[in-house]
Every structure is written in structure tokens, then in C-alpha cells.
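Participant: First the structure, then my questions, so here it is.
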Amino acid sequence: KDCLASPLFKLVLWAVVAGLIYHAVAGVKHLVMDLGIGETMEGGTRGAKSVLVVSAILILLAGVWIW
């Protein structure tokens, strides 16, 4: 229990979860692009920005959940 309550452990856990969240959201973007949506330069830029925004929101929510 002491290890799980440690701020260092929570920070490491949050970093790992953040990486997984970003990877999952970017993977969904690639699956959508495989369907032919967002294959233009404008669509790719919009998709990349969307991935960053959605990932940031989910990472913040994960941080609230972990802390």
C-alpha cells in the first residue's frame, strides 16, 4: 500500500497511462484514415490536432482518477 500511495509511483503510473492513451487515440485516427476519411493534407492536420486535444483531455481525466 505504501508503494501505491507514493507520489513517485503515481507519477510513473500517470506517465505510462498517458502514453497508452495517446497511442490508442492515434491508433483510432489511423483506423479512420484507413477508411478513407482525412487522407488529404488538411484532413491529416485536423486529425493530428484532434488527437492532441482528445489525448490531452483523456490524460487529464486519468490524472484526476490516479491522484
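The values are calculated or read from the model by the stated rules, or taken from the named source; none is laboratory data. Note that this is a predicted model, so its numbers are computed, not measured. Using ideal geometry, Cβ is built from the backbone for each residue, glycine included, and neighbour counts are taken over all protein chains shown. The accessibility values were calculated without ligands, DNA or RNA, using every heavy atom of the protein model including side chains. Shrake-Rupley method; radii C 1.70, N 1.55, O 1.52, S 1.80 Å.
Participant: For every helix of n ≥ 4 consecutive DSSP H residues, a contribution of -39,500 (n - 2.57) applies; sum these over the chain, divide by its total residues, and give [θ] at 222 nm rounded to the nearest 500 deg cm²/dmol.
Facilitator: -29500 deg cm²/dmol
Participant: To continue, here is another question. Give me the percent of accessible area attributable to carbon and sulfur for the chain, probe 1.4 angstrom.
Facilitator: 76
Participant: Relative to the longest principal Cα axis of the chain, at what angle does helix 7-34 sit, 0 to 90 degrees, rounded to 10?
Facilitator: Its long axis makes an angle of about 20 degrees.
Participant: While we're looking at this one, here's another question. Where nothing but the Cβ of Lys and Arg (+1) and of Asp and Glu (-1) is charged, how large is the charge dipole of the chain around its Cα centre, in debye to the nearest 20?
Facilitator: 200
Participant: Please state the shape class of the range 1-40: rounded when a/c is under 1.5, otherwise prolate if a/b exceeds b/c and oblate if not, all from the C-alpha gyration tensor.
Facilitator: prolate
Participant: For the charge dipole of the chain, defined by +1 on Lys and Arg C-beta atoms and -1 on Asp and Glu C-beta atoms about the Cα centroid, which residue among 63, 22, 53 has the Cα displaced farthest towards the positive pole?
Facilitator: 63
Participant: Compute the angle between helix 41-66 and the longest alpha-carbon principal axis of the chain, please, reported from 0 to 90 degrees and rounded to the nearest 10.
Facilitator: On a 0 to 90 degree scale, this one is about 20.
Participant: Then there is this: Here are several values of volume of the Cα convex hull per residue in Å³: (1) 82; (2) 71; (3) 54. Which one was derived from the coordinates shown?
Facilitator: (2)
Participant: Return the loop-located trypsin sites (Lys or Arg not before Pro) in the range 1-32 (DSSP other than H, G, I, E, B) with at most 14 other Cβ atoms within 10 Å of their own Cβ; answer none if there are none.
Facilitator: Counting only loop positions with at most 14 other Cβ atoms within 10 Å, the trypsin sites (Lys or Arg not before Pro) in the range 1-32 are 1.
Participant: So, one more: Below 30 Å, Cα to Cα, which lysines can residue 29 reach? Residues fewer than 8 away in the same chain don't count.
Facilitator: Cα-Cα hits under 30 Å: 10, 49.
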